[in-house]
Amino acid sequence: MTSLLVIIVLVLLAVALWQLTKIFDLTQVGSSSDSSQVANDKDNNIQGYLMFGFLAFLYIFTIYGLLAWGDMPLHTPASAHGGQVDNLMNITWVLIFIVQAITQVLLYYFAFKYKGKKDQKALYFADNNKLEALWSIIPAVVLAGLILYGLYAWTNIMFVDEDEDTIVVEVYAQQFKWTARIAGEDNVLGKANVRYIEGVNTLGVDLSDKNAEDDIVVSELHIPKGKKIHFKFRSQDVLHSAYFPHFRAQMNCVPGMVTEFAFTPIYTTSEYRELPYMVEKVAHINELRAKKSVELIAKGESGLDPYTFDYLLLCNKICGASHYNMQMKIVVDTPEDYKKWLADQTTLVAQVKASLEKPAEETPGEAKENDTVAAPEVAMK
Ligand SMILES: [Cu+2]
């Protein structure tokens with residue numbers, strides 16, 4: 001409401017200012033000053049220098065932006081292919097930076113140099129084949145190089161050999177949470193369909209499928225370091241986008257189809273926490289949280305817990321009201337720790353059996369998951 005009032009006040013102020021200038025113009029009628037609407041040399045000069053002023057603003061703001069926010073982009077990639085993605089990104093940035101630096105100077109310099117002058121007429125210049133060839137061929141060659149390198153990197157990253165030794169994991173998206181299904185010992189996911197969703201079987205896994213017997217469903221995903229993880233994505237309701245920022249991976253989750261992506265994590269969670277940049281970042285966040293805690297405690301509220309870094313899977317497609325909070329923790333373990341963790345997990349089949357044996361007393365964790373199963377009805381329509 002307040003912002004609406006502010007906008008109305010600003011619009012009214014602008015209208016008032018516009019009316020005032022009109023009145024001012026009317027008072028000038030008949031005076032000796034130049035009242036024609038045609039720009040004179042003085043106007044053109046001012047415009048010419050304003051062009052340079054704007055150029056200076058662009059450069060100063062660019063330099064300020066680099067200094068103030070230059071450390072904000074994602075740092076060390078945590079996947080084997082991450083370096084390639086970053087490389088492509090950096091090359092693109094550098095190219096854009098050089099081209100923009102040169103073209104902006106030329107644009108504003110020529111606007112200044114050929115500003116209007118009294119009695120000077122613009123030259124009619126039909127075309128110049130050499131110049132046109134130059135400004136068509138150079139960008140075409142540079143862009144072709146960039147696209148070819150991009151395609152090469154993309155196919156490199158996306159190619160998963162069927163015979164390759166991977167761990168198959170399904171990532172299931174729904175408003176507003178992620179669930180993961182590990183393919184188990186056979187490394188093949190059991191079939192699934194939204195029609196099979198019932199009780200603890202929130203992913204609609206076909207329990208009669210042999211391949212589903214060892215499937216493990218988890219809400220916090222563990223993966224081992226140094227092993228290629230073959231992700232298969234499904235969505236229950238709307239378009240979601242599985243975004244693993246630290247692993248430089250992102251894939252759309254589309255209702256009615258399976259999309260894929262594979263990456264190899266190269267740092268365990270605890271190794272990534274020890275990276276100097278992360279230590280510094282976490283220290284900074286905790287400094288801010290400590291300050292905020294003092295304020296909160298003074299108000300009689302409870303303070304904030306210190307932050308520790310964890311890999312996250314985020315949703316990167318605006319999929320509804322709680323999209324901002326759609327995330328899943330990912331833990332990268334050493335292969336030994338991963339084995340231990342996996343051994344502690346119960347298969348989906350066992351979970352379903354247990355829930356059928358005691359239907360009356362649902363465990364609190366499962367009850368929560370069941371609540372969200374109301375959504376499939378919407379998805380099936
Ligand atoms: Cu989403």
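Derivation of every value follows stated rules applied to the coordinates shown; laboratory data play no part. The model shown is predicted, which means the values in this text are computed figures rather than measured ones. Cβ placement follows ideal geometry from the backbone for every residue including glycine, while neighbour counts extend to all protein chains displayed.
Got at least one residue in the range 296-312 being assigned to a strand (DSSP E or B), touching a helix residue (DSSP H, G or I) at 6+ places or on another chain (Cβ under 9 Å) and within 16 Å of the ligand (Cβ to nearest atom)?
Yes.
Filter the range 243-268 for residues that are under 21 Å from the mean Cα position of the chain (by Cα) and among the hydroxyl-bearing types (Ser, Thr, Tyr); which is farthest from Ala78 (Cα to Cα)?
Thr259
What number of residues within the range 321-359 satisfy the criterion of being within 16 Å of the ligand (Cβ to nearest atom), among the hydroxyl-bearing types (Ser, Thr, Tyr) and assigned to a helix (DSSP H, G or I)?
The total comes to 1.
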